Every structure is written in structure tokens, then in C-alpha cells.
Amino acid sequence: MISEFPLFVFTTLAGLAAGASVVSAVFFTKEEEKRSWMLPLACLVLLGVGLLGCLGHLGRPLMFLNALSNPSSMISQEAYWSIAFGALLVVDVVLCFVKGACPRVVRVIEAIAAAGLVVVMGNAYFTGYGVEAWTNVVTWPLYLVGDLAMGAALASVFAPSLCTKPAFAYLAIALDVIFAVVSVVEFTGFSGLGHDAMLFGVAAVLSIIGAAISFAGVKGKFSPMAAAAATAVVMILAVALARYCFYAASIL
């Protein structure tokens, strides 16, 4: 197991939740929102489990309070955005249960907080840890595109009809292909620095498979639910493997 496994858990699960929130805010219509409470609830659970990983990284839970007292530290910024995102998810779920729906303005603000969390997570590794392989501009799309790609896949599981809509399907395909390219670039960069980068190669292959499944889904070759489920499994695995390989280069 990699030494930074708690951070792997945090960024993967929180990133999955954040990506799904951003995508759903853009693409969910009233039809998809009939089951709208299920996705924010799932995102809240993912974020909560991810934050346990963040606590594991600190070693002692009480250190979390100390971390919050230093606004300039990246872990503090991740915590601030996580708390804001989590609070909005709670509001979302409560409103869905009490009023039967969540106002769109709440979903938009929730998506902004989610996007902020993704950006801060990417920035933390680009600027804050001193690992040569991480201080590369490709770190940004590795997080941003990866979170959106697996988030789109998760959102489609809760609203399979999205898989039949060209606007959503082709965006998902583009995200998967871009993530494959990012993974190949990371494979080259990490290998050049002497790191084991095999999982980046696997992630690239899986991402192309995910894009192919989405394409087949929008063309009616698979049922919407089958396309959504298969893409979610493939893309979450692809991003998780790439992120695991990323953390394996840590010298912390």
C-alpha cells in the first residue's frame, strides 16, 4: 500500500462527489431531478468517507482543528471547500425530502463549491509537496478532467437517460479521451523520472474503453442503464488507478 493512501482515498472519493455535482448541475433537467435526492445523498456519503481519509493523513483527528487555523496551507483550503460543499449537500438533501425538490440556485452554488474543491486539490499537489513528478502542469487536468469524467459517469447512473442525449454523451466521451491523453503524458513524465508508471498506461486504456461504451450507448447499442453502469465502473477505476500511480511517486 502506498504511504499516502489516506490522501488517495480523500481526493478520489471527494473528487468523484464533486465531479458528479458539477455535471448534474449542468445537465439534470426536471425529468432527471425526479430522483434528485439520491445523487446528492450519495455525494454526501462519498465526501464524508473521503474526509475520514483526510483525518487519517493527519494522524490524529484533533490535528484537523490545528490545520484549519492556517488559511495559507493547502490542507486548510481543501478543508474549507470540503466543509462548504458538504454543507450545501446537506441543504440539498434536506430540501429534497422536505419540499420534494431543491431550488436550482442551491445546485448551482453547490457546483461552484465542488469545482472550487477540485481546483484546490489539484493546486495542492502542483505547488505544495515538492515532488518533482507532481510539479507539472499536467497535474491540473489529471485532477480536473479525472473528477469530471468519473463524476459524469456517476451522474448518469442516477439518471441513465443522460446517456441517450448527445450533448451529455459527447461531453463524457471527450472527457474520457482527454483523460486518456493526460494519462499517457503522465506515463511518459513519470517514467522519465524513474517512477513505475504502468498504472497510468492501464488508466489510458480504460479511459478509451469508457469513451467507446459511451459512444455505443448514445448510438443505442446498449441500454441506457447498462451504458451508465459500465462507464461508471470503467472510469472510476481508470481515475483511481491513475491517482494511485500519482501518489506512488510521493517521497513523504
Residue selected from region 198-210 under the condition touching a helix residue (DSSP H, G or I) at 6+ places or on another chain (Cβ under 6 Å) and either surrounded by fewer than 24 Cβ atoms within 10 Å (Cβ to Cβ) or modelled with pLDDT under 95 (or both), by the criterion farthest from Thr135 (Cα to Cα): Ile209
For region 103-131, enumerate the residues that are at pLDDT below 90 and open to solvent by 10 Å² or more (accessible area, probe 1.4 Å). Pro103, Arg104, Asn123, Phe126, Thr127, Gly128, Tyr129, Gly130
Hey, can you tell me all the residues within region 211-221 that are free of Cβ contacts under 8 Å to residues at least 40 places away in the same chain and either surrounded by 18 or more Cβ atoms within 10 Å (Cβ to Cβ) or in a helix (DSSP H, G or I) (or both)? Ala211, Ala212, Ile213, Ala216
For region 205-226, how many residues are closer than 16 Å to Leu171 by Cβ and basic (Lys, Arg)? 1
Have a look at Leu65, Leu44 and point out the one that is at pLDDT below 65, open to solvent by 30 Å² or more (accessible area, probe 1.4 Å), of a type in the set (A, V, I, L, M) and over 18 Å from Leu241 (Cα atoms). Leu65
Only one of Val239, Val184 is in a helix (DSSP H, G or I) and open to solvent by 60 Å² or more (accessible area, probe 1.4 Å). Can you tell me which? Val184
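Can you name every residue in region 132-152 that is farther than 19 Å from Phe10 by Cα and open to solvent by less than 40 Å² (accessible area, probe 1.4 Å)?
Ala133, Val138
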Suppose the filter is within 23 Å of Val118 (Cα to Cα) and either touching a Leu at 6+ places or on another chain (Cβ under 9 Å) or among the hydroxyl-bearing types (Ser, Thr, Tyr) (or both); does Ala238 pass it? yes
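Quick check on this structure: which one of Leu55, Leu95 is more than 22 Å from Asp147 (Cα to Cα), open to solvent by 20 Å² or more (accessible area, probe 1.4 Å) and either assigned to a helix (DSSP H, G or I) or at pLDDT below 80 (or both)? Step through it out loud before you land on a result.
Numbers: Leu55 fails: more than 22 Å from Asp147 (Cα to Cα).
Going through Leu55, Leu95 in turn, just one is more than 22 Å from Asp147 (Cα to Cα), open to solvent by 20 Å² or more (accessible area, probe 1.4 Å) and either assigned to a helix (DSSP H, G or I) or at pLDDT below 80 (or both): Leu95.
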Within region 153-167, can you find the residues that are among the hydrophobic types (A, V, I, L, M, F, W, C) and either open to solvent by less than 30 Å² (accessible area, probe 1.4 Å) or out of contact with any Leu (no Cβ under 9 Å at 6 or more places or on another chain) (or both)? Ala153, Leu154, Ala155, Ala159, Leu162, Cys163, Ala167
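The values are calculated or read from the model by the stated rules, or taken from the named source; none is laboratory data. Remember, predicted model here, so these are calculated numbers, not experimental data. Every residue, glycine among them, receives a Cβ derived from its backbone with ideal geometry; neighbour counts consider all protein chains shown. Protein only, heavy atoms only, side chains kept; ligands, DNA and RNA dropped before computing areas. Shrake-Rupley method; radii C 1.70, N 1.55, O 1.52, S 1.80 Å.
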